[in-house]
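K.L.:
Sharing a structure, written as structure tokens. Questions coming.
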Amino acid sequence: MALTHLIAGNWKMNGVGASLDEARAIAEGAAALTRIDMLICPPATLIARMAALCAGTRLAIGGQDCHAAQSGAFTGDISAAMLVDAGASHVIVGHSERRTLHAETSAQVRAKAEAALGQGLVAIICIGETLAEREAGETLAVVTGQLRASLPAGAGGSTVVIAYEPVWAIGTGKTPTSADVAEVHAALRAELVSLLGAGNAGLIRLLYGGSVKPSNAAEMMALPNVNGALVGGASLKAADFLAIAAAV
Ligand code: PEP
């Protein structure tokens, strides 16, 4: 069964109130792109305003991270319940910037994903190899290992999305070859089949992320087992993000 592509934008620590104009333009553009799903994950400070702005449009709003606990003494953190309360429907967990800069392990990512599912959020689980791991020929072992260790109980097509993001391709302008992306996505699909069975595994969307831009989106999005993109820098400008979405 063909899965509907998801084009998701991760704004990271970018955006203030003035950036709502870009979100409005993306939501307006999404109205015509009915064959795909679209999502923006803004910084937490913008989620409620953006969710209100996009209510009733085809643009969904997500968080960039959540804590595994529902509430408590975790200064600066945000819970899955808070994201839902603010109007989010999705949350990214295990982004490589969280795994690297905040030393998050796959076990923690799994706990976060389980907290997200517990609140009815779709968890977008990020995995990906470093350049050293790729050069050592360890890519498939690393990403399938991260997938196994990060996947929450209850994973299925309506609860999780997997984003393959080679760490060395994020924000660098470098991308793997199409053959490399297809090889990794085929391995991830096979791993999901072995973990969840073919029926369930076939419903889970596998996104590619890492320097996706209007000029390479069509080629990436047409690859087998690529069911969308997680876009960083190019999601900050409505024109670029809509051009990527239109390339599907
Ligand atoms: C990301 O951070 O998830 C990402 C894919 O970034 P970029 O598109 O800027 O490489």
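K.L.:
If I go through segment 1-15 residue by residue, how many of them are under 16 Å from residue 158 (Cα atoms) and part of a strand (DSSP E or B)?
P.N.:
Count: 3.
K.L.:
Within segment 46-93, track down each residue that is assigned to a strand (DSSP E or B) and not hydroxyl-bearing (Ser, Thr, Tyr).
P.N.:
Within segment 46-93, 59, 60, 61, 62, 63, 67, 90, 91, 92, 93 qualify.
K.L.:
Any chance segment 70-84 includes a residue that's within 16 Å of the ligand (Cβ to nearest atom) and buried (at least 18 other Cβ atoms within 10 Å of the Cβ)?
P.N.:
Step one: filter segment 70-84 for residues within 16 Å of the ligand (Cβ to nearest atom), giving none.
Taking every residue of segment 70-84 in turn, none turns out to be within 16 Å of the ligand (Cβ to nearest atom) and buried (at least 18 other Cβ atoms within 10 Å of the Cβ).
K.L.:
Moving on. If I ask for residues that are open to solvent by 30 Å² or more (accessible area, probe 1.4 Å), touching a strand residue (DSSP E or B) at 6+ places or on another chain (Cβ under 9 Å) and under 22 Å from residue 227 (Cα atoms), which ones from segment 32-56 would you list?
P.N.:
37 - this is the single residue of segment 32-56 that is open to solvent by 30 Å² or more (accessible area, probe 1.4 Å), touching a strand residue (DSSP E or B) at 6+ places or on another chain (Cβ under 9 Å) and under 22 Å from residue 227 (Cα atoms).
K.L.:
Is it fair to say residue 89 is under 18 Å from residue 207 (Cβ atoms) and either modelled with pLDDT of 95 or more or buried (at least 18 other Cβ atoms within 10 Å of the Cβ) (or both)?
P.N.:
Answer is yes for this residue.
K.L.:
Considering only residues that are open to solvent by less than 40 Å² (accessible area, probe 1.4 Å) and among the hydrophobic types (A, V, I, L, M, F, W, C), which ones fall in segment 5-25?
P.N.:
Those that are open to solvent by less than 40 Å² (accessible area, probe 1.4 Å) and among the hydrophobic types (A, V, I, L, M, F, W, C): 6, 7, 8, 11, 20, 23, 25.
K.L.:
Please work out which residue is least open to solvent (accessible area, probe 1.4 Å), limiting yourself to segment 94-111 and to residues that are in a helix (DSSP H, G or I) and more than 16 Å from the ligand (Cβ to nearest atom).
P.N.:
106
K.L.:
If a residue has to be in contact (Cβ under 8 Å) with a residue 12 or more places away in the chain, of a type outside the set (Asp, Glu) and outside any helix (DSSP H, G or I) to count, how many in segment 16-43 make the cut?
P.N.:
Result for segment 16-43: 12.
The values are calculated or read from the model by the stated rules, or taken from the named source; none is laboratory data. All figures in this text were calculated on a predicted structure; none of them were measured in a lab. Note that we place each Cβ from the backbone using ideal geometry, even for glycine, and neighbour counts take in every protein chain shown. What goes into the accessible areas is simple: the full protein's heavy atoms, side chains included, and nothing from ligands, DNA or RNA. Shrake-Rupley method; radii C 1.70, N 1.55, O 1.52, S 1.80 Å.
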